Amino acid sequence: MAIALLVGAPPGRAQQSVGRFDEAHTRFGVELLTRWGQRVKGDFPRYDGKIVALDDTRRQVRVRLLASAVRIGDSERYTQMARGDSFFDAVHFPYVEFLSDPIDIRLVETGGPLRGRLTIRDVTRIETFHLLPATCSRPARDCDVVAHGQVDRYAYGLDAWRLALDKDVRFTMRVRLAPDEQP
């Protein structure tokens, strides 16, 4: 999500979309832990997002994950359960959305907190994800920009299977800019 931190906007062009994600490299993952220690991993292969330049040094990340496309490993059964009304309820709540607070463009290099409003099942809460420090000199171009964090699923009404699943849902974002985007 923090990929746009590298992308600059021309002076005087505030509130401008400045980058799109590279579909070949960008991944949005989800993970739950069972009460028996098993990791249940999935992903959101369909998403919409943009980075908005608020001014010369600040950006805002906007991401919408399509809940009806969530996949849980190779399991059709777990995938349908995750999309169903007992969990994401994709029919009634089609998107998981994140809107970051304004962030300084240097955060992509140093790492740090990525705070914003997360909406799941029409419940919006302030959450903080952790952006990892860059692993290359051109983050979002030559290497992924990675952020992760966990949220209390009960706070969003994701309260099915309390006896089988831990209360936390972990989200991971690995993002790169499309090769044709301008720096």
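The table below gives the values:
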quantity: Single residue of the range 156-172 satisfying the filter (under 19 Å from ARG115 (Cα atoms) and at pLDDT below 95) that is most open to solvent (accessible area, probe 1.4 Å); calculated: ASP168
quantity: Residue in the range 62-84 that is modelled with pLDDT under 95 and closer than 16 Å to VAL175 by Cα present; calculated: yes
quantity: Test: ALA147 is open to solvent by less than 50 Å² (accessible area, probe 1.4 Å), closer than 21 Å to ASP22 by Cβ, assigned to a strand (DSSP E or B) and aliphatic (A, V, I, L, M); calculated: yes
quantity: Any pair with Cβ under 6 angstrom, 6 or more apart, that starts in the range 142-155 at a residue that is more than 16 Å from PHE88 (Cβ to Cβ) and ends at one that is in a helix (DSSP H, G or I) and open to solvent by less than 10 Å² (accessible area, probe 1.4 Å); calculated: VAL145/ALA2; VAL145/ILE3; VAL145/VAL108; ALA147/ALA2
quantity: Long-range neighbours under 9 Å by Cβ, at least six apart or interchain, first residue more than 15 Å from LEU32 (Cα to Cα) within the range 75-87, second among the aliphatic types (A, V, I, L, M) and open to solvent by 60 Å² or more (accessible area, probe 1.4 Å); calculated: GLY84/VAL91; ASP85/VAL91
quantity: Positions within the range 21-36 being open to solvent by 100 Å² or more (accessible area, probe 1.4 Å) and farther than 19 Å from PHE171 by Cβ, in sequence order; calculated: ARG35, TRP36
quantity: Scan of the range 69-90 for residues that are hydroxyl-bearing (Ser, Thr, Tyr) and touching a strand residue (DSSP E or B) at 6+ places or on another chain (Cβ under 9 Å), ordered by number; calculated: SER75, TYR78, THR79
quantity: Unique residue being β-branched (Val, Ile, Thr), assigned to a loop (DSSP other than H, G, I, E, B) and surrounded by fewer than 19 Cβ atoms within 10 Å (Cβ to Cβ) when the list is THR135, THR124; calculated: THR135
quantity: Pair list, Cβ < 7 Å and 6+ apart or interchain, from the range 35-64 residues that are over 20 Å from ILE120 (Cα atoms) to residues that are open to solvent by 50 Å² or more (accessible area, probe 1.4 Å) and small (Gly, Ala, Ser); calculated: ILE51/SER17; VAL52/SER17; ALA53/ALA14; LEU54/ALA14; ASP55/ALA14
quantity: Unique match (being open to solvent by less than 30 Å² (accessible area, probe 1.4 Å), of a type in the set (A, V, I, L, M), within 22 Å of ARG176 (Cβ to Cβ) and at pLDDT 90 or above) among VAL40, VAL18, VAL96; calculated: VAL96
quantity: Of residues in the range 106-120 being open to solvent by 50 Å² or more (accessible area, probe 1.4 Å) and in contact with a helix residue (DSSP H, G or I) (Cβ under 9 Å, 6 or more places away or on another chain), the one farthest from ASP22 (Cα to Cα); calculated: PRO113
quantity: Residue within the range 124-133 that is charged (D, E, K, R) and at pLDDT below 90 present; calculated: no
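The values are calculated or read from the model by the stated rules, or taken from the named source; none is laboratory data. None of these values were measured; they are calculated from a predicted model. Please note: Cβ atoms are built from the backbone with ideal geometry, for glycine as well, and neighbour counts cover all protein chains shown. When the accessible area is computed, the model is the full protein with side chains, heavy atoms only, and any ligands, DNA or RNA have been set aside. Shrake-Rupley method; radii C 1.70, N 1.55, O 1.52, S 1.80 Å.
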